[in-house]
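In what follows, a single structure is set out as structure tokens and then discussed.
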Amino acid sequence: MNTKAGYIGIVGKPNVGKSTLLNHILGEFVSIISPKPQTTRDKILGIYTKNNTQFIFLDSPGIHNSTKIINQYMISEAVSTILDSDIVLFLVEFKSDFSFDEMEIKIIKFLEKFNKNTILILNKVDLSNNIKVDYENIIKYLENFKIFKDVIPLSAKKGVDTNLFLKQIEKFIPNQQFFYPENYLTDRNDRFFVSEVIREKIFLLTYQEVPYDSSVIVEKYNESKGSIVIDASIIVAKESQKGVIIGKGGQNLQKIGMNARKDIEKHLNKKIILNLFVKVESNWNSNKDKLKQIGYEQKDINIEEFLK
Ligand code: GDP
Ligand code: MG
């Protein structure tokens, strides 16, 4: 059988809908989503095998300017996603008076430098449903950017015609053997999934710097016939944040745990007993060694080169 397989990087600024699009295409929840920017911290792989083609999607953290150590890690994950991809889906938020901003131009220049097959995705078109849009002008503007092999407007949230979408990108996938077994969905294991779901609930239930200063480690994962017992620690960077996570009378932590458990049960199809603990690890996210311990090890990529 003639097979095709390729890596498809999903990149763009924070909060443009990258993880939403990936989950929608896969019809499964592999990447966490929240209304706050910078929810995704790692490169996450989602695999979709259809007939003789294997689409390997790489979700990535949003590309933004920051000198914080944890953000540098996230940016390096995004840059490495671009370097690893056969095709790049460059997501931007569609607006009726559409044009690229400074950061988007930077990303485009980087894509040009590595001559990546790039498809521009104009996401969130649902937000301009009742607004008059001058498409002619937008098309004229986009013609200035030769790197785009195609432009696809869509709404990742309202729904995408997955078959049509995959057809549009299939032609850029190289002829080669599959990299993963046909029924593989992601390269991440259930433990990672569990820690990410808990992190998502922290993003949804806490505010300001707290979700950014939080991380989750699964300490114990005991699977038996009908259930899984999971102990997980939520790591925060300051003593005061511990109180915020726990909340009045423990209510917030309870909510985080309950919402996370429901999602994990739905996904893993097993009864889950989830025990959450909160620990303070002073400034874990501004120290490279501590980051590495928690599992965020920065690749050897010069991101200053990219950001300048
Ligand atoms: P990411 O940071 O690029 O991965 O973005 P997320 O997938 O986490 O989405 C960020 C926010 O945008 C979430 O609140 C999503 O529900 C929302 N969102 C994603 N796609 C769409 C869309 O097509 N339309 C609208 N209105 N919202 C969207
Ligand atoms: Mg994301």
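The values are calculated or read from the model by the stated rules, or taken from the named source; none is laboratory data. Not measured: the values here are computed from a predicted model. So basically every Cβ, Gly included, is an ideal-geometry build from the backbone, and we count neighbours across all protein chains shown.
Tabulated values for the structure
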| read-out | value |
| --- | --- |
| Residue, surrounded by the most Cβ atoms within 10 Å (Cβ to Cβ), within the range 55-81, restricted to residues that are touching a residue at least 60 places away in the same chain (Cβ under 8 Å) and within 15 Å of ligand 1 (Cβ to nearest atom) | 78 |
| Residue check, residue 114 surrounded by fewer than 15 Cβ atoms within 10 Å (Cβ to Cβ) and of a type in the set (A, V, I, L, M, F, W, C) | yes |
| Residues of the range 154-181 classified as surrounded by fewer than 10 Cβ atoms within 10 Å (Cβ to Cβ) and part of a loop (DSSP other than H, G, I, E, B), total | 2 |
| Cβ-Cβ under 8 Å pairs, at least 6 apart or on other chains, the range 144-158 side aromatic (Phe, Trp, Tyr), far side within 16 Å of ligand 2 (Cβ to nearest atom) | 148/90 |
| Cβ pairs under 6 Å, 6+ apart, first in the range 264-280 and part of a helix (DSSP H, G or I), second among the hydrophobic types (A, V, I, L, M, F, W, C) | 264/194; 264/197; 264/272; 265/272 |
| Odd one out for residue 210 among (1) crowded, with 17+ Cβ neighbours inside 10 Å; (2) free of Cβ contacts under 8 Å to residues at least 24 places away in the same chain | (2) |
| Residues located in the range 7-36, provided they are in a helix (DSSP H, G or I) and surrounded by fewer than 24 Cβ atoms within 10 Å (Cβ to Cβ) | 20, 23, 24, 25, 26 |
| Residues (of a type in the set (Phe, Trp, Tyr) and within 15 Å of ligand 1 (Cβ to nearest atom)) located in the range 132-174 | 165 |
| The range 196-231, residues that are in a strand (DSSP E or B), within 24 Å of residue 282 (Cβ to Cβ) and either in contact with a helix residue (DSSP H, G or I) (Cβ under 8 Å, 6 or more places away or on another chain) or at pLDDT below 95 (or both) | 215, 216, 217, 218 |
